[in-house]
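Chemist: Quick one: the structure is below, and I'll ask about it shortly.
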Amino acid sequence: MGIALLVYLAIKGVNIVVIAPLAALVIILTNGMSLQEAFFVGKTSYLAGLGGFITGFLPIFILGAVLGKYLEDSKATVSIANSIFKLTGKENAYAVLIAISLISAVLTYGGVSLFIVIFTIVALARPIFKELNLPWRLVMVPMIFGGTTFTMTMVPGTPSIQNVIPTALGTTLAAAPLMSIVVTIISAIMGLVYMKWQLKRVLATGEHYEESGQVINSDVNPNELPSLFASVLPMVVLIAIIFIGSAMHISNIIVPALLAAVIVAAVVLSNHIPNQIKTLNAGATNSLLPIIFTAAAVGVGSVVASAPGFKLLQGGMSSLPGGALTQIPVITGFLAMVTASASGALGIAIPLFGKSWIASGVSPEVVHRISAMASSTFSAMPQSGFIFSCMAVFGLSHKEVYKHIFFLGLVGGCICLAAAMIMAVIIY
């Protein structure tokens with residue numbers, strides 16, 4: 001009942017900060033749990049789950065948000081996008097979709113938050129879609145493909161929080177590199193084919209461009225943009241430190257990597273930042289809502305995981321064919337569907353089940369990669385906060401947005417998960 005309430009209220013547009021404690025209370029009461037223990041003071045209480053996540057990941061959220069704000073305020077994101085458009089051109093519709101996918105992928109792999117990517121894509125894509133007379137709803141396909149599929153949990157070394165949380169198992173951000181590369185290729189091929197198919201469909205209908213969503217000023221003097229070298233250098237530093245640190249098995253390498261990237265951005269982009277203190281303050285402030293939203297979902301999941309009803313469900317999951325290897329995507333996926341949050345699901349699954357999965361004989365790298373992939377795949381739910389952000393900024397409906405997330409995120413993610421599971425059995 002608590003889970004149903006969470007999903008219903010989220011679809012109705014109620015904030016997760018309001019929904020989460022209500023859902024937790026319903027779960028506690030319907031499972032006959034102690035309110036004091038399950039909500040306030042217990043080790044697996046709602047507040048313990050919420051507070052534990054914030055304590056563990058606040059530096060990563062702050063540094064990531066500050067880096068993204070430096071790239072946004074300096075217009076480095078625009079410089080990167082323009083460079084990609086120069087390679088692909090703006091005349092061919094499919095080339096434009098590929099360019100938008102690349103822009104989304106480069107920015108998210110470079111540590112820029114999806115929210116900043118959303119606004120970047122709106123500003124850059126709108127005039128091109130208008131010029132080519134393409135239906136605006138099509139813009140969601142490359143944005144979702146490039147920003148939320150392979151760069152989120154598949155590419156080795158990705159700095160996403162979903163790839164960071166499983167490192168608590170003693171793994172690195174480049175865990176299971178061969179598996180990561182194979183599923184990334186599969187995801188990329190599916191995305192390119194799906195994008196081509198959707199383009200053909202909308203062109204066949206004769207649809208035209210219609211204005212909707214937020215109109216963001218994209219008029220930037222090219223002479224005022226930072227160079228491509230300065231724009232990508234902070235991201236290159238970030239990824240380089242991650243790979244070097246992962247190769248040296250340095251724990252929690254993401255924090256020094258992000259810190260170094262922020263310092264580099266502050267130096268090389270200084271001439272394009274009107275006010276460094278304002279950018280720092282805004283970046284730090286921008287980090288608070290995402291971590292609170294995610295922590296609220298983790299809090300609900302913490303209550304769910306300690307509820308008697310879930311323990312019965314877990315017992316049923318334990319009897320699934322394939323043992324612990326099968327449990328990883330099933331349990332993580334279930335939690336992701338409940339919370340509609342990939343990071344929220346991992347924040348529950350890894351501390352509670354990670355060590356037992358490893359103890360049963362599954363490689364820590366396999367647990368890392370498959371749990372991360374399952375979290376992103378099954379968090380592609382209609383009540384996801386990301387979907388509501390896209391709808392608000394792009395001016396689109398659930399009908400126009402969710403079908404692409406369903407195919408690229410859920411269906412495509414499941415195919416990649418199946419490939420990863422087969423590789424886990426054969427190779428690891």
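The values are calculated or read from the model by the stated rules, or taken from the named source; none is laboratory data. None of these values were measured; they are calculated from a predicted model. Heads up, the Cβs are rebuilt from the backbone with ideal geometry, glycines too, and the neighbour counts pull from every protein chain shown. Ligands, DNA and RNA are stripped out before the accessible areas are found, and what is left, the full protein with its side chains, is counted by its heavy atoms. Shrake-Rupley method; radii C 1.70, N 1.55, O 1.52, S 1.80 Å.
Chemist: Since Ala261 meets every condition but one in (1) of a type in the set (Gly, Ala, Ser); (2) modelled with pLDDT under 95; (3) outside any loop (DSSP other than H, G, I, E, B); (4) open to solvent by less than 40 Å² (accessible area, probe 1.4 Å), which condition does it not meet?
Modeler: Going through the list (1) of a type in the set (Gly, Ala, Ser); (2) modelled with pLDDT under 95; (3) outside any loop (DSSP other than H, G, I, E, B); (4) open to solvent by less than 40 Å² (accessible area, probe 1.4 Å), Ala261 breaks only (2).
Chemist: Continuing with the same structure: Among (1) under 20 Å from Thr326 (Cα atoms); (2) touching a residue at least 40 places away in the same chain (Cβ under 8 Å), where does Ile405 come up short?
Modeler: (1)
Chemist: Here is a further query. Considering only region 343-361, state which residues are farther than 19 Å from Ala48 by Cα and either buried (at least 22 other Cβ atoms within 10 Å of the Cβ) or in contact with an Asp or Glu (Cβ under 7 Å, 6 or more places away or on another chain) (or both).
Modeler: Trp357 - this is the single residue of region 343-361 that is farther than 19 Å from Ala48 by Cα and either buried (at least 22 other Cβ atoms within 10 Å of the Cβ) or in contact with an Asp or Glu (Cβ under 7 Å, 6 or more places away or on another chain) (or both).
Chemist: Another question, if that's okay. Do any helices (runs of 4 or more DSSP H) entirely within region 116-210 hold 1 or more residues that are open to solvent by less than 10 Å² (accessible area, probe 1.4 Å) and within 21 Å of Cys390 (Cβ to Cβ), and if so, which?
Modeler: Once the helices (runs of 4 or more DSSP H) in region 116-210 are filtered for at least 1 residues that are open to solvent by less than 10 Å² (accessible area, probe 1.4 Å) and within 21 Å of Cys390 (Cβ to Cβ), what remains is 140-148, 150-153, 177-205.
Chemist: Testing Thr279 on (1) more than 19 Å from the chain's Cα centre (by Cα); (2) buried (at least 24 other Cβ atoms within 10 Å of the Cβ), one condition comes back false. Which one is that?
Modeler: (2)
Chemist: Let me ask you something else. Out of Leu58, Leu47, Leu29, report the one residue that is open to solvent by 40 Å² or more (accessible area, probe 1.4 Å) and without any contact (Cβ under 8 Å) to a residue 40 or more places away in the chain.
Modeler: The unique qualifying residue is Leu29.
Chemist: Let me ask you something else. Select, from Val366, Val401, the only residue that is farther than 30 Å from Leu25 by Cβ, crowded, with 18+ Cβ neighbours inside 10 Å and touching a Cys at 6+ places or on another chain (Cβ under 6 Å).
Modeler: From the options Val366, Val401, the qualifying one is Val401.
Chemist: State whether one or more residues within region 143-158 are modelled with pLDDT of 90 or more and farther than 27 Å from Glu365 by Cβ.
Modeler: yes
Chemist: While we're here: If you take the residues of region 76-111 that are open to solvent by 10 Å² or more (accessible area, probe 1.4 Å) and outside any helix (DSSP H, G or I), which of them is farthest from Glu211 (Cα to Cα)?
Modeler: Once the filter is applied, the top-ranked residue is Gly111.
Chemist: Of the conditions (1) farther than 30 Å from Ile405 by Cβ; (2) out of contact with any helix residue (DSSP H, G or I) (no Cβ under 6 Å at 6 or more places or on another chain); (3) touching a residue at least 24 places away in the same chain (Cβ under 8 Å), Met248 clears all except one; give me its number.
Modeler: Among (1) farther than 30 Å from Ile405 by Cβ; (2) out of contact with any helix residue (DSSP H, G or I) (no Cβ under 6 Å at 6 or more places or on another chain); (3) touching a residue at least 24 places away in the same chain (Cβ under 8 Å), Met248 violates only (3).
Chemist: Which one of Ala81, Ala95 is without any contact (Cβ under 8 Å) to a residue 24 or more places away in the chain, farther than 22 Å from Val164 by Cβ and in contact with a helix residue (DSSP H, G or I) (Cβ under 9 Å, 6 or more places away or on another chain)?
Modeler: Being without any contact (Cβ under 8 Å) to a residue 24 or more places away in the chain, farther than 22 Å from Val164 by Cβ and in contact with a helix residue (DSSP H, G or I) (Cβ under 9 Å, 6 or more places away or on another chain) holds for just one of Ala81, Ala95, which is Ala95.
Chemist: Continuing with the same structure: Restricting to region 29-51, name every residue that is in a loop (DSSP other than H, G, I, E, B) and under 10 Å from Val298 (Cα atoms).
Modeler: Matches in region 29-51: none.
Chemist: Please tell me if Ser113 is at pLDDT 90 or above and polar (S, T, N, Q).
Modeler: For Ser113, the condition - at pLDDT 90 or above and polar (S, T, N, Q) - is not met.
Chemist: Only one of Ile185, Ile253, Ile242 is farther than 19 Å from Ala81 by Cα, free of Cβ contacts under 8 Å to residues at least 40 places away in the same chain and of a type outside the set (Lys, Arg). Can you tell me which?
Modeler: Residue meeting the stated conditions: Ile185.
Chemist: Tally up the residues in region 332-355 that are more than 19 Å from the chain's Cα centre (by Cα) and at pLDDT below 90, please.
Modeler: Of the residues in region 332-355, 3 are more than 19 Å from the chain's Cα centre (by Cα) and at pLDDT below 90.
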